[in-house]
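Read through the structure below, which is laid out as C-alpha cells, and then see the notes.
Each reported figure results from applying straightforward, stated rules to the coordinates on display, with no laboratory input. These numbers were taken from a predicted model, which means no experiment stands behind them. Methodologically, a virtual Cβ is constructed for each residue, glycine included, from the backbone with ideal geometry; neighbour enumeration extends over all protein chains shown.
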Amino acid sequence: MFDLSGGHPVLDLVNTLDHRFRDEPPVELLPDYEALLSFARQSGILDPGQVRALRTSVKPQAAARALSSARELREALATVLYGNLEDRPPPAAAVRTLERHFLASEQHRELRWQETGTSDGQPRMTWQWSGAPKEAEFPAWILAGLAGQLMLSDALQRVSACEADPCRWLFLDTSKNHTRRWCNMKICGNRMKARRFQARHAAGR
Ligand SMILES: [Zn+2]
C-alpha cells in the first residue's frame, strides 16, 4: 500500500523515492513495473481492468522501459519542485526532460467530439487516450499529463514539503492560509511533536 499523503498523484509519485535527502541511500518504492501499476491503481489513475490488461500483456523489456521512464519523470519533477521551494530556478536539463514527457503524453491523446457521457451531459470536445491504454507507458503518460497541468497552473505555488526531517515529502497545501506543515499529521506531525517533547524532557534533566 502506498501512503498517498501528497494529495495529488504527481506529488505522491515524487514521494515514491522515500528519504531522498537523508545521508543513507533513499528507499525506492517503485522497484518494478508491478509496483508502478499498484501505485497507478491506488492513486486512481488506472482502473482495475486497465491494470489487469497491462499486467498480462506488457512484455518485460517494455515494462522495464516504462518503469525507467516513470522514474525519470519523477526525478525531473523532484528537481524542479524542491528547487522551487528553495527559490532556485530549475536546471535546463530538468525542464527539457519534463518537456519531453509532457509532449509524449499529449501525442498519445486524440481529439474527439463526445456526444454523451460528459460531466454536464452536454456534447463537447475532449482529449481521449485512444490506443494508449494498451501501452506499457500508459501510466507514465497519464502522470506526465497531470504533471503538465500542475506545473503550468497556480497550484504549483501550493506545493509544499513536509517539515519533518528526513521526511520532506511533497504535498498540495489546500489549507486556506497555506499553513499545513506535515505530509501526514498522524505520522510526521506526531513524530515531530514527540521529538520536541523528548528534547524538552532531556533539557529539563
Ligand atoms: Zn512527512
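Take the conditions (1) within 30 Å of Arg196 (Cβ to Cβ); (2) among the hydrophobic types (A, V, I, L, M, F, W, C); (3) assigned to a loop (DSSP other than H, G, I, E, B); Ala136 misses just one of them, which is (1). Considering the conditions (1) out of contact with any Phe, Trp or Tyr (no Cβ under 8 Å at 6 or more places or on another chain); (2) more than 14 Å from the ligand (Cβ to nearest atom); (3) under 29 Å from Ala76 (Cα atoms), Glu110 is excluded by exactly one of them, (1). Taking the criterion of being surrounded by 16 or more Cβ atoms within 10 Å (Cβ to Cβ), assigned to a helix (DSSP H, G or I) and touching a His at 6+ places or on another chain (Cβ under 8 Å), would at least one residue in segment 52-74 satisfy it? Yes, there is a match, as at least one residue in segment 52-74 is surrounded by 16 or more Cβ atoms within 10 Å (Cβ to Cβ), assigned to a helix (DSSP H, G or I) and touching a His at 6+ places or on another chain (Cβ under 8 Å). Pairs are defined by a Cβ separation below 6 Å, a sequence spacing of at least 6 or placement on different chains, a first member in segment 97-122 that is within 19 Å of Pro139 (Cα to Cα), and a second member that is of a type in the set (Asp, Glu) and surrounded by fewer than 12 Cβ atoms within 10 Å (Cβ to Cβ); no pair meets this definition. Of the residues that make up segment 1-13, is at least one away from the ligand (no atom under 16 Å from the Cβ), without any contact (Cβ under 8 Å) to a residue 60 or more places away in the chain and farther than 18 Å from Cys183 by Cα? No, every residue in segment 1-13 fails to be away from the ligand (no atom under 16 Å from the Cβ), without any contact (Cβ under 8 Å) to a residue 60 or more places away in the chain and farther than 18 Å from Cys183 by Cα. Tallying residues that are exposed (fewer than 12 other Cβ atoms within 10 Å of the Cβ) and of a type in the set (S, T, N, Q) within segment 81-117 yields 2.
Would you point out the residue of segment 139-187, among those that are charged (D, E, K, R) and buried (at least 16 other Cβ atoms within 10 Å of the Cβ), that is nearest to Gly6 (Cα to Cα)? Checked segment 139-187; the qualifying residue nearest to Gly6 (Cα to Cα) is Asp173. Given the residues Ala78, Ala132, Ala136, which is the only one that is surrounded by 15 or more Cβ atoms within 10 Å (Cβ to Cβ), within 17 Å of the chain's Cα centre (by Cα) and not hydroxyl-bearing (Ser, Thr, Tyr)? Result: Ala78 is the single residue among Ala78, Ala132, Ala136 that is surrounded by 15 or more Cβ atoms within 10 Å (Cβ to Cβ), within 17 Å of the chain's Cα centre (by Cα) and not hydroxyl-bearing (Ser, Thr, Tyr). Taking the numbered list (1) polar (S, T, N, Q); (2) within 30 Å of Leu46 (Cα to Cα); (3) within 16 Å of the ligand (Cβ to nearest atom); (4) free of Cβ contacts under 8 Å to residues at least 60 places away in the same chain in turn, Asn190 passes all entries but (2).
Checked against (1) of a type outside the set (S, T, N, Q); (2) more than 16 Å from the ligand (Cβ to nearest atom); (3) closer than 18 Å to Leu11 by Cα; (4) touching a Leu at 6+ places or on another chain (Cβ under 9 Å), Ala161 passes all but a single condition, namely (2). Residue-level analysis places Ala78 outside the set of residues that are under 16 Å from Glu137 (Cα atoms) and in contact (Cβ under 8 Å) with a residue 60 or more places away in the chain.
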